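Everything below concerns the one structure shown next.
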Amino acid sequence: MTLDRFRPVADRMLGPWVHTADRLGLSPDGVSLLAFAAAVLAA
C-alpha cells in the first residue's frame, strides 16, 4: 500500500504520545474521550 512507506515516520511521531498514555494508564477509549473533550472545549 502507498501509505506503508510513511509508517516509520508516523511511528516516530506517535511514539512519545503512546508511551505517555501507556504510562498514565490510559486506554484507547480514554484517549478518544480526551480528544473529544478537547474538541468540544476548542469549539
Mind checking which pairs have a first residue in the range 15-43 that is hydrophobic (A, V, I, L, M, F, W, C) and a second that is at pLDDT below 95 and exposed (fewer than 10 other Cβ atoms within 10 Å of the Cβ), Cβ under 9 Å, 6 or more apart or different chains?
Ala21/Pro28
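Can we say Asp22 is open to solvent by less than 80 Å² (accessible area, probe 1.4 Å), of a type in the set (Asp, Glu) and at pLDDT below 95? Don't jump to the end; show me each part of the working.
Values: open to solvent by less than 80 Å² (accessible area, probe 1.4 Å): no; of a type in the set (Asp, Glu): yes; at pLDDT below 95: yes.
No, not satisfied.
The values are calculated or read from the model by the stated rules, or taken from the named source; none is laboratory data. Please read these numbers as outputs of a predicted model, since none were measured by experiment. Positions of Cβ are generated from backbone atoms using ideal geometry, with glycine treated the same way; all protein chains shown enter the neighbour counts. Protein only, heavy atoms only, side chains kept; ligands, DNA and RNA dropped before computing areas. Shrake-Rupley method; radii C 1.70, N 1.55, O 1.52, S 1.80 Å.
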